[in-house]
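No lab work stands behind these numbers, since they all come straight from the coordinates. Bear in mind that the values here come from a model prediction, so they are computed numbers and not experimental data. Cβ: placed from backbone, ideal geometry, glycine included. Neighbour counts: every protein chain shown.
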């Protein structure tokens, strides 16, 4: 057992003497710290952001709760000044100490620590040759008792195979000094039995005082008629009798005092006064002996002050460590794992300042495949609390504290950057939005790949359209930085951005639509909704009002947005048309062949037929097919037969020069029912695999190919490669003029002029 303990001690010393390794935010690794400048640099970065994350994330409230569990002034100060640790080896040791302190608290109870207020000042007085009072000596004794008891406490903890109890090896208890103070100081004064001389002097003083009191009582009994009271009293250190003023000459002695009314005089009788000088001499001798004893004890404390100072520092350190263990027990926390791989995983996490019984467990993960999380959901749904829960637990872990979760794997972060709350400052004349943007820009200046960024309601406080644009721009910069970030928003465009942007995922807060209550559960991988209209409906808002609200909220804004995206300027439209006109027929054929996958034989035959058709005939056939109605089906069918005959003749001609065989296309001509494609002009669709939003500008032909307006071009695409997002009837009012979306401003103006009268020399350019 002894050998095992010795090995443990040696291991602890090795851990303490090992070279500290500092986490390098630029390399995601740990490297030997050969210069204190690097550590100071990182500490400075954290100090700059300390006030921000402490206030915005409410970490200062956790520290206030933490400080109540510490006893010493130095431990409280260390808690107040603490910043997240950036040295991996040191952080792991801090967490190990917290874990072992928690175990000792659970196994052995609270450690015998005391506040030790003012002990260092007393040691300084003793070191300078001063004389400590009896009360001050008792304070020193209580500190020594705490050291002795703490050493015993830690020795008991060695049975649990922990390293923390071996701090006892560094405690040097001055037990002889404790014994001397105990023998000579009692109840705040030098004890009568401190020395034989002091005992004799104090006994003599008591005897003389008793004799003087007996003499005074005898005088009172013999002269009752002259006295204002039947007992003696002490005035200015003298035993006196109370004599009525008019009888002062009846009692021989010296007047020491008088009553407030002046009717009573306090006289020291001559028979009593003759003992006073002897009493004074005894008292002086006793005081000298007491002073000698106090000086002797003070000198002993001065000799032991160096060891006492070391022991006090160690007790303060242990007080700090055990306060972390107490906090872990109070919060029902667990020890997190630490990694340098930019990964955060929290299982059943909760906010440190919320009661466990009312807190919904949080499941969170970031860093494996994605570094950004966009949280959406209804107001008061717990979005901000979820973000704070993640950030606070990360800060606590990097401060050597256990976190409020069932299990966690936390990465080391070089800084914590936050934008939460209003931030309006009247004194600095900053509006809500200005303060918000100023903070965001400051974050973008400080962010690095090893930062953890928290932003609440990104882009809020201004016009929604502009705010959305700013939000997307900020997210793009954060994504480029490589930092881990959590952002809350209500903008649907931001949700779409997160869906399309690699490295970013959507998340939502769950909501019970039946009870109209948030469930406070975070689901990663799904976008949330505000549920405002649903809540309003459940609370009794009329349907007419809801419809008006929906049109105002969605139709108007989306129309404006799409007009802005699809129209642009006349110059941009002309550039788009020129680019589209430069697209070759070969590219179009390849795209259509890929969309309409058939057998190899049918593909070859269709390419031979389609290559001989002119672009003009193709456009006419598509127009004829798109304009087909029930009334002119017969005419359309005749056109199809004529086109088929032309195709057959061409194939027969080719077969004579290449290979003569029966014309297969005649056998293949079958009347297929046209597949109804459910897309209408104006439908908002998602184009795959690019995941781009577009608007249907021409309905599908018999082959299932339709035309879609993208932000900068129009494309022909098979209906299988698109997915309906929002139907046209939900986006646009009845009778909406879609030429606003698909035609240039110049064409629309010219069309309106031609509807009124003929315009010489002008024609409408079709795309």
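In whole Å and largest first, what semi-axes does the C-alpha gyration tensor of the range 76-217 yield when each eigenvalue is scaled by 5 and square-rooted? Spell out each step's value before the answer.
On the way: eigenvalues 427, 62, 35 Å².
Values for the range 76-217, descending: 46, 18, 13 Å.
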Original post:
With a Cα-only, solvent-free Debye model of the range 82-140, what are the log10 I(q)/I(0) values at q = 0.24 Å⁻¹?
Top reply: -0.91
Original post:
How far, in nm, would the chain grow between residue 287 and residue 738 when pulled straight, counting 0.36 nm per residue and subtracting the alpha carbon separation?
Top reply: 151.5 nm
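Normalise the Cα radius of gyration of the range 358-472 by 2.2 N^0.38 Å (N = residues in it) and let me know the number.
On the way: Rg = 15.6 Å, N = 115, 2.2 N^0.38 = 13.4 Å.
Normalised Rg, Cα atoms only: 1.17.
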Subject >> Convex hull volume per residue in cubic angstrom - Cα atoms of the range 683-748 >> reply: 96 Å³
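For 161, 479, what's the fewest-to-most ordering of other Cβ within 10 Å of each Cβ?
Numbers: 161 12, 479 19.
With the fewest neighbours first, 161, 479 line up as 161, 479.
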Original post:
Rounded to the nearest 0.05, what FRET efficiency is calculated for residue 234 and residue 358 with R0 set to 51 Å and r the Cβ-Cβ distance?
Top reply: 0.20
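Assuming R0 = 25 Å, can you tell me the calculated FRET efficiency for the pair residue 348 and residue 103, based on Cβ-Cβ distance, to the nearest 0.05? Intermediate results must be reported in sequence, preceding the final value.
Details: r = 22 Å, r/R0 = 0.87.
My answer for the efficiency is 0.70.
Just to verify a number: FRET efficiency for residue 296 and residue 276, C-beta to C-beta distance, R0 = 30 Å, to 0.05?
Values: r = 31 Å, r/R0 = 1.02.
That gives a FRET efficiency of 0.45.
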Subject >> Rough spin-label spacing in nm, given labels placed 7 Å along Cα→Cβ, for residue 255 and residue 332 >> reply: 7.9 nm
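Below 8 Å, C-alpha to C-alpha, sequence gap of six or more: please give me the relative contact order for the range 337-541 in percent.
Working: 395 pairs, mean separation 58.7, N = 205.
In percent, rounded to a whole number, it is 29.
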**OP:** Give me the number: length gained by fully extending residue 68 to residue 125, i.e. 0.36 nm times residue separation minus the C-alpha to C-alpha distance, one decimal in nm.
**Re:** 17.5 nm
Original post:
How long is the range 337-541 along each principal axis, judged by its Cα atoms, biggest number first, in Å?
Top reply: 51, 41, 39
Original post:
How many nm is it between the label spots at residue 365 and residue 544, if each spot is 7 Å from the Cα in line with the beta carbon?
Top reply: 5.2 nm
Original post:
Based on the Kirkwood radius over alpha-carbon pairs, what is the Stokes-Einstein translational diffusion coefficient of the range 196-287 at 4 °C with 1.567 mPa s viscosity, in µm²/s?
Top reply: 95 µm²/s
Original post:
Say each of residue 189 and residue 340 gets a label point 7 Å from the Cα, pointing the same way as Cα to Cβ; how far apart are those two points in nm?
Top reply: 6.5 nm
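Quick check: residue separation of residue 160 and residue 723 times 0.36 nm, minus the Cα distance between them. What number comes out in nm? Please list the in-between numbers first.
Numbers: separation 563, 0.36 × 563 = 202.68 nm, distance 6.37 nm.
Going from the current span to full extension adds 196.3 nm.
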